[in-house]
Amino acid sequence: MGNILNTAALLMLIFFTFSVAGMGLFGVVPDGDFIDKNVNFRSFYIAMMTLWRASTGESWNGIMHECTTSEGIIAVFFWLLF
């Protein structure tokens, strides 16, 4: 049980770090085909849910492409690191 809790804590730390970084980098990305009111980095909760959705493989590349057109090549590094 201890290993599961350590793994869950590490996963939440990674999600927290990338959510805060995503809010700083992509908080002003305009709405498009993939980024909308439910998928964005404007608030911490929605950023966490966006990363959770992306970690399951659902349209992460579309979100990355919209972030790239708005913010440049840093979005590619962000999403590939995540």
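The values are calculated or read from the model by the stated rules, or taken from the named source; none is laboratory data. Remember, predicted model here, so these are calculated numbers, not experimental data. Ideal geometry is used to build each Cβ from the backbone, glycine not excepted, and the neighbour counts take in all protein chains shown. Surface accessibility is based on the protein's heavy atoms, side chains included, excluding ligands, DNA and RNA. Shrake-Rupley method; radii C 1.70, N 1.55, O 1.52, S 1.80 Å.
Here are the numbers for this structure:
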{"read-out": "With eigenvalues of the C-alpha gyration tensor scaled by 5 and rooted, the chain, Å", "value": "24, 12, 12"}
{"read-out": "Kyte-Doolittle mean at least -0.5, axial Cα span of 30 Å or more - DSSP H helices of the chain", "value": "2-26"}
{"read-out": "Whole-percent carbon and sulfur share, accessible surface of the chain, 1.4 Å", "value": "68 percent"}
{"read-out": "60, 52, reordered so the largest accessible area comes first (probe 1.4 Å)", "value": "52, 60"}
{"read-out": "Stretch gain in nm, segment residue 4-residue 28, where the contour uses 0.36 nm per residue and the Cα spacing is subtracted", "value": "5.0 nm"}
{"read-out": "Dipole-positive endmost among 44, 69, 56 within the chain (Cβ charges, Cα centre)", "value": "44"}
{"read-out": "Net +/- balance of residues flanking residue 58 in space, Cβ distance below 15 Å, scoring K and R +1, D and E -1", "value": "-2"}
